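Engineer: Let me give you the structure first, and then I'll get to my questions.
None of the figures in this text is laboratory data; all of them are computed from the coordinates on show. The structure displayed is predicted, hence computed values, not measured ones. We place every Cβ from the backbone using ideal geometry, glycine too, and count neighbours over all the protein chains shown.
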Amino acid sequence: MGERRSDTAELRTALLRMRRATGLPVAFGGLLEGRPGARLRIGELSGASSGALRGLAIGSGSGLGGRSMVLARPCAVTDYRAARHISHEYDEPVAAEGLRSVLAVPVVVGHRVRAVLYGALRAPQPLGGRVLDAAVAVAREMEQALAVRDEARRLVEPVPGAGGPAACGAAAWEAVREAHGELRALAPRIADPVVRAELLAACGRLAAADGPARGAAADGSAPDAGTPREGLAPREVDVLAVVATGATNADAARRLGVRPETVKGYLRSAMRKLGAHTRLEAVVAARRAGLLP
């Protein structure tokens, strides 16, 4: 249920972006359920003057959106009622809303259509390349947001009977640490602040996943109760997360999209706050403090 709500919120945001980016007065869309043969249900409207479109169940291949779902690419018509290359099961609600020129763009994640975004005019005017490009860009942003959320959910999903490193094995735990570093590096590139915050929250859960098993540090010593759990800036944690995977300063800079000198600066600052004299000591201290998995 929570997954569905977050996807619906992302859809609502995408429709607002669709109207701003394309200049189209009406945008609407729906999510496709995961089961085979499921229909797409129009659940969100933006700029509509009636509720005629709300709740429509769009079958695969039916209408403009159904065609877009089958082809997994954008489709558009200049005059919906007169278009010959689509079926016309939904002419009545489309006419009730007064729509004529309509485009439909699928949101494809992992080779599967997850949603369809529509934009429309109330006049039979051709939709130019600029409008189509802007609509596709909005769909791509939603695809990225959903893909990041999917990966974050997968990484933090509890495995029955699993614990920390001792339970899942050193190799598997290193994979978790690698994924944590990749997600921390990705987070600053996410433009949507809500999605970025959710991703960082997922990173926090990964960092804390070891829980009570954090009884010994990577060097075998006992945890230091005096290790600071607060005070590191988010970018300092980003750098430590990437460095913890064995990345050089140059590699970390490339993954984080900053200069190597910037990485060095963040690393020095983190080491000073953690009371560490080497990169390894800083990573160990951050793990003791629950900042890294």
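Engineer: If R0 is 25 Å, what FRET efficiency do you get for R73 and S49 from their C-beta distance, rounded to 0.05?
Structural biologist: E(calc), rounded to 0.05, equals 0.30.
Engineer: Using a Förster distance of 25 Å, how high is the FRET efficiency between E261 and A233, based on the Cβ-Cβ distance and rounded to 0.05?
Structural biologist: Taking R0 as 25 Å, the efficiency between E261 and A233 is 0.90.
Engineer: What FRET efficiency do you get for R122 and A147 if R0 is 35 Å and r is their Cβ-Cβ distance, rounded to the nearest 0.05?
Structural biologist: For R0 = 35 Å, the calculated efficiency reads 0.55.
Engineer: Taking amide H atoms as placed 1.01 Å from N in the peptide plane, list the residues 5 or more away in sequence, or in a different chain, whose amide H sits under 5 Å from that of L117.
Structural biologist: Here V105, V107 satisfy the definition.
Engineer: Lys and Arg at +1, Asp and Glu at -1: add these up for the other residues within a Cβ distance under 15 Å of I86 and post the number.
Structural biologist: Its environment carries a net charge of +1.
Engineer: Would you mind pulling out the separation of the Cα centroids of region 263-293 and region 47-63, in Å?
Structural biologist: If you average the Cα positions of each part, the centres end up 53 Å apart.
Engineer: Return the distance in nm (one decimal) between the two label points of a simple spin-label model at E33 and A191, each offset 7 Å from Cα along Cα→Cβ.
Structural biologist: Placing both labels 7 Å along Cα→Cβ, they lie 3.3 nm apart.
Engineer: With each pseudo-label sitting 7 Å past Cα toward Cβ, what's the S60-R205 distance in nm, one decimal?
Structural biologist: Calculated label separation equals 3.1 nm.
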